[in-house]
1. Out of E128, E123, E94, E64, which single residue is at pLDDT 90 or above, in contact with a His (Cβ under 7 Å, 6 or more places away or on another chain) and closer than 30 Å to G51 by Cβ?
2. Would you check if there is a residue in region 71-78 being without any contact (Cβ under 8 Å) to a residue 40 or more places away in the chain and either farther than 25 Å from P162 by Cβ or among the hydroxyl-bearing types (S, T, Y) (or both)?
3. Given the conditions (1) closer than 29 Å to R42 by Cβ; (2) free of Cβ contacts under 8 Å to residues at least 60 places away in the same chain; (3) assigned to a helix (DSSP H, G or I), and given that G96 satisfies all but one, which numbered condition is not satisfied?
4. Which of the residues spanning region 69-93 are among the hydrophobic types (A, V, I, L, M, F, W, C) and assigned to a loop (DSSP other than H, G, I, E, B)?
5. Looking only at region 103-156, filter to residues that are in contact (Cβ under 8 Å) with a residue 24 or more places away in the chain and charged (D, E, K, R); which one of those is farthest from P68 (Cα to Cα)?
6. May I ask you to verify whether I37 is over 18 Å from the mean Cα position of the chain (by Cα), more than 15 Å from T115 (Cβ to Cβ), among the aliphatic types (A, V, I, L, M) and surrounded by fewer than 17 Cβ atoms within 10 Å (Cβ to Cβ)?
7. Pick out the one residue from R117, R105 that is of a type in the set (D, E, K, R) and either under 21 Å from D73 (Cα atoms) or loosely packed, with under 13 Cβ neighbours inside 10 Å (or both).
Amino acid sequence: MAPETTAGPTAGTQDAEPPALDDGMAAIDVTRLRVAIARLSRRLRRHEMAGLTPTQLAALSTVERAGPLRLGDLAAAEGVAPSTLTRLVSVLEESGYVQREPDPRDARASTLAITPRGHDVLENLREETTVFLTESLRTLTDGQVADLSAALPVLEQLADTPPMS
């Protein structure tokens, strides 16, 4: 992935015309939106992350949200190959963040469940990012906060939209 420039509000556009949206909707500079979301996401992830990579952290979060779950289900949810998942789960187990348990429906299989330590790590990271974001929001004007508040339902809808195949 090529590095993104951050020199100004249109950084990374290189005079490219933003894609127009269908159905007569007002055009939005999709490149600026993508860059802004990516930069904010990186800033929110700038913390210790409990010694985990973003992929490991995402998997731990999935186990917390959807677990206990089978390894194949975790691989599908995270979009990773089984060999990658094996290494990923090993790190999470060695760190004490997840544990394997027998699958009550299939004695040959096991499921992954988050441990209290894994839950605590995720809670600490969430708290840290919430504090950071709260402090960042204090730099905005009342109007900017109102605009952001009005945009939240749209951002949530975009985040929940299934990926196109």
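The values are calculated or read from the model by the stated rules, or taken from the named source; none is laboratory data. Being a predicted model, the structure only gives us computed values, none of them experimental. So basically every Cβ, Gly included, is an ideal-geometry build from the backbone, and we count neighbours across all protein chains shown.
1. The match here is E64.
2. Our first condition is that a residue be without any contact (Cβ under 8 Å) to a residue 40 or more places away in the chain; within region 71-78, this holds for 72-78.
When the remaining residues are screened for being either farther than 25 Å from P162 by Cβ or among the hydroxyl-bearing types (S, T, Y) (or both), the result is none.
Scanning region 71-78, I find no residue that is without any contact (Cβ under 8 Å) to a residue 40 or more places away in the chain and either farther than 25 Å from P162 by Cβ or among the hydroxyl-bearing types (S, T, Y) (or both), so the answer is no.
3. Answer for G96: the failing condition is (3).
4. Residues satisfying the conditions are V80, A81.
5. Taking the candidates together, the pick is E128.
6. So I37 does not fit the description; no.
7. Details: R117 fails: either under 21 Å from D73 (Cα atoms) or loosely packed, with under 13 Cβ neighbours inside 10 Å (or both).
After applying the criteria, what remains is R105.
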